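Have a look at the structure below, then the notes.
The values are calculated or read from the model by the stated rules, or taken from the named source; none is laboratory data. Bear in mind that the values here come from a model prediction, so they are computed numbers and not experimental data. Note that each Cβ is placed from the backbone with ideal geometry, even for glycine, and that neighbours are counted across all protein chains shown. The accessibility values were calculated without ligands, DNA or RNA, using every heavy atom of the protein model including side chains. Shrake-Rupley method; radii C 1.70, N 1.55, O 1.52, S 1.80 Å.
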Amino acid sequence: MGKITEKFDKVLSASPFPGHVDHAPDASKEVVRNSKDQPMPFADLTGNYQRNKGIPPQSFKDSKVYIVGTGIAGLSAAYYFIRDGHIPGKNIIFLDKVAVEGGSLDGSGNAKEGYIVRGGREMEMTYENLWDIYQDIPAIEMPKPYSVLDEFRLLNDNDPNYSKARLIHNNGAVRDFSKFDLDKLDQLAIVKLLLKKKEDLDDLTVEDYFSTSFLESKFWILFRTMFAFENWHSLLECKLYMHRFLHLIDGFKDLSCLVFPKYNQYDTFVKPLTEHLKSKGVKTQFDTLVKDLDVQINTDGKLVKGIITVQNDKEVIIPISDKDFVIVTTASMTEDTRYGDNTHAPIKAIENLKSGESTGWQLWKNLAAKSTEFGNPEKFCSSIGKSSWESATLTCRPSALTEKIKEYCVNDPYSGKAATGGIVSITDSNWLMSFTINRQPHFPEQPDDVLVIWLYALYMHKDGNYTKKTMPQSTGNEILAELCFHIGLEDQIDSVIKKTIVKTSFMPYITSMFMPRAAGDRPKIVPNGCKNLGLVGQFVETNNDVVFTVETSVRTARTAVYQLLNLNKQVPDIAAGQYDIRQLLKAAKALNDYKPFPGESVLKRVLKNTYFEHILPEGVEDEEQHDSFLYEQLDKIKGWAKELTH
C-alpha cells in the first residue's frame, strides 16, 4: 500500500487482516455476530460504510487490462479498475468484434427507419452495485455535479410507477389482477422452496417441483411474464428470484415495485458510462474477435499468457505479461440475434438453427476444454427451443393503435410520465404476448408525435390466435396484426400497419442463463487457480444474486476486480430483505391475497399497543380462524407471567 498508508504502518504490520479479505461474502452461510475476529461488515450490509475507497496492496500503474466485450459487465470492470484499483485508464483496452458498446443493453434507430431495442431490464431500488457506479457518473441532462443516479431519483421520486392494466384478455378487456389466487398448498410450496438448500436443487425445473394449479395461477402468470421464466427453466434460479425480490412481492401485481429510467437503456446507462471511461483514457479496439486464450496451467495455477484474436481475417496474438489482467464476458444472451422487419420474418424455423456455434459461446467452450474450473457452457446453449424468445419494437405514428394504447396507460403516453408502468400481458394469447410503453420519448431525439412500443412473447412454438403462425415465422406486420386482434382492433389492422414501423429480434439464447444447472456448470468469477483472469456477465457464479439483471453484471465485474487486485474492500451480498421480519410478514400477507395468515391474529394481539405494532402488514380485517388453540395457550402464558410478578 506504500505511501498511501504509511502513517498507519504500525497498526497494519501487526494486523492479521490485510490481504485476507473475503471479497464476496455469502450472507446465506454467515452467522451474524460481533467479534474481534470479524472486523469487516456482515455480508449483506449495504450503505455508506461500504463506500470506502479501495487501496491496492501494490502499484498497478504499469499493468495493462484487456477486457473482452463492451457490455455493462466489461464497462463496469473498467470503472472499478480505475476507481478502486488506481490503474490508469490509458492502460485499459476493450476488445470487441462489434462496432458499438453496450452488449445486450442496446437501443438505436430513428423515427424514419424505425427504432429497435432488443430487450429491457426491469429495475428496483436495491441494485447496490449499479447505483454505486452511477452515483459517480455525470448526469445526461443535468449540470455538474449531478449524476445519472440523481436524474434517475428525480424522475422516479416524482413520477411513481404503477400499472392499471397489468393483465388483459378478451380482445383487450382489462382482467382483474388484484389477487394472486394461490391456494394454501401452493403458498406452502413457495415457503418450502424458500427453505430448501440451494445444493438440493441441481438440474431441477420449475415444473418438476410445482403443481399444475401453481403453474396455472395468476401469481405464476405475473411472475413469469415479469421475469421471462418458462416452466422448464431452473428451479434453483426461480428460488433465487424469490429470495432476491421477496421485498417486492406485494408490488408484483401492479408493478409499483419497479423504477424506470427516462430513456432507453443504451442512452441512460451505456452512453454516459462509456463517455466517462473515454475521458479517463480507456481505449476500445473494435472489429477484434477473441476466439481463445493461451492459458498456462500447472501446479502453480492458471496464468493467461496471450489473447488469440482475429483481426482483418488474420490471427493476431496479444501477449499478456504476469502483471497484466484479462477480463472475459463468457457468452452472451443476445448473441446471434436474427432480425426482421415489417415484411420479413427473422427466421424460417427454430429447428434450422445450430446451437452454441456463435463466437462468444465458442470462446467459453474453448476455455471450458482447458479445465473443468471454467464451467460447462453446453448446459446453457444446447437447446435453442427452450432458451429463445422474440421481441419487437414498434415505431408508431398516431393511429387507432396509439389511441387504444392510451386506455392502458396511467398517464397520457405523450406526457413524458410513466405510461403502462411496465408490461401488459395478454393472458389468452397463444404466444403469451406482453407489451409495454415506457416513458416517452424513449430516445432523446424522438419526435413528439412518435411512440415507441416494445413487445415480446414467451411461447415460441405455438401458432398465433390470428396469424396461425409461430412468432419467429411471422413478419412484423403479422405480429402487429396479432397485437391488434388481441386489443380489439381487428377491423383496423390495415390502417395501423400504414402508421407503424416494426423491427423484430429473434434471440436464440435470451433466457439461456435460466436453463437448469448444477454446481460447477457456471465458473467462479475468478476460477480456482487463476492469477490474472476474471470471468464476468450472466454465466458466472455468484453467492445469491440472480441472472438477467444489470445488477448481476456489475456485481460480477466488481468482484473480479477486487479479487484479482486483492483490494481491502468487499462486494456486499444482496440486500437483506429476505431476513427482515417486516418483509417476510408482508410477503406472507401478499401471497395470501391480504387475507389473514395462520397465527396473524395472535401476533396482532401480542403486539397491539407496543413499539413493534407497525411491523404487521395491513390487509383485510382479522377473522377468527383456527387460532382458538393459540389464544388459549397465549392466555395461559399471560396467566403464568401474572403469577410470577406477584
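Couple of notes before you dig in:
- Just so you know, in region 447-486 the residues that are in a loop (DSSP other than H, G, I, E, B) and touching a strand residue (DSSP E or B) at 6+ places or on another chain (Cβ under 7 Å) include one that is modelled with the lowest pLDDT, and it is 460.
- Every pair of residues 6+ apart whose Cβ atoms lie under 6 Å, when the first sits in region 373-392 and is within 28 Å of residue 454 (Cα to Cα) and crowded, with 19+ Cβ neighbours inside 10 Å while the second is modelled with pLDDT of 95 or more and of a type in the set (Val, Ile, Thr): 387/511; 389/510; 392/479; 392/502; 392/504
- Those residues of region 16-32 which are at pLDDT 95 or above and either among the small types (Gly, Ala, Ser) or in contact with a Gly (Cβ under 7 Å, 6 or more places away or on another chain) (or both), in sequence order: 24, 27, 28
- Conditions (1) polar (S, T, N, Q); (2) assigned to a loop (DSSP other than H, G, I, E, B); (3) modelled with pLDDT under 65: number failed by residue 568: (3)
- Any chance residue 186 is farther than 18 Å from residue 594 by Cα, out of contact with any Leu (no Cβ under 8 Å at 6 or more places or on another chain), of a type in the set (Asp, Glu) and assigned to a helix (DSSP H, G or I): no
- Selected residue [among the basic types (Lys, Arg), assigned to a loop (DSSP other than H, G, I, E, B) and open to solvent by 30 Å² or more (accessible area, probe 1.4 Å)] from 365, 348: 348
- Neighbours by Cβ (under 7 Å, 6+ apart or cross-chain): first from region 40-67, assigned to a loop (DSSP other than H, G, I, E, B); second buried (at least 19 other Cβ atoms within 10 Å of the Cβ) and of a type in the set (Lys, Arg): 52/569; 54/569
- The selection criterion, being within 22 Å of residue 490 (Cα to Cα) and either among the aromatic types (Phe, Trp, Tyr) or modelled with pLDDT of 95 or more (or both), holds for residue 397.
- For residue 157, the conditions (1) under 23 Å from the mean Cα position of the chain (by Cα); (2) surrounded by 13 or more Cβ atoms within 10 Å (Cβ to Cβ) all hold with the exception of (2).
- Checked against (1) open to solvent by 90 Å² or more (accessible area, probe 1.4 Å); (2) farther than 28 Å from residue 274 by Cβ; (3) in contact with a Pro (Cβ under 8 Å, 6 or more places away or on another chain), residue 31 meets all criteria but (3).
Table: residues versus (1) surrounded by 16 or more Cβ atoms within 10 Å (Cβ to Cβ); (2) over 30 Å from residue 588 (Cα atoms); (3) modelled with pLDDT of 95 or more; (4) not basic (Lys, Arg).
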residue: 248; (1), (2), (3), (4): yes, no, yes, yes
residue: 255; (1), (2), (3), (4): yes, no, yes, yes
residue: 274; (1), (2), (3), (4): yes, yes, yes, yes
residue: 288; (1), (2), (3), (4): yes, yes, yes, yes
residue: 301; (1), (2), (3), (4): no, yes, yes, yes
residue: 317; (1), (2), (3), (4): no, yes, yes, yes
residue: 325; (1), (2), (3), (4): yes, yes, yes, yes
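Conditions (1) under 27 Å from residue 162 (Cα atoms); (2) at pLDDT 95 or above; (3) crowded, with 18+ Cβ neighbours inside 10 Å; (4) aliphatic (A, V, I, L, M), marked per residue:
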residue	(1), (2), (3), (4)
195	no, yes, no, yes
200	no, yes, no, no
206	no, yes, yes, yes
209	no, yes, no, no
214	yes, yes, yes, no
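- Within region 275-327, the set of residues being among the basic types (Lys, Arg) and without any contact (Cβ under 8 Å) to a residue 12 or more places away in the chain comprises 278, 314.
- Residue that is farthest from residue 307 (Cα to Cα), among those in region 526-548 that are in a strand (DSSP E or B) and open to solvent by less than 10 Å² (accessible area, probe 1.4 Å): 536
- Search result, residues across region 114-148 that are open to solvent by less than 60 Å² (accessible area, probe 1.4 Å), assigned to a loop (DSSP other than H, G, I, E, B) and among the hydroxyl-bearing types (Ser, Thr, Tyr): 126, 127
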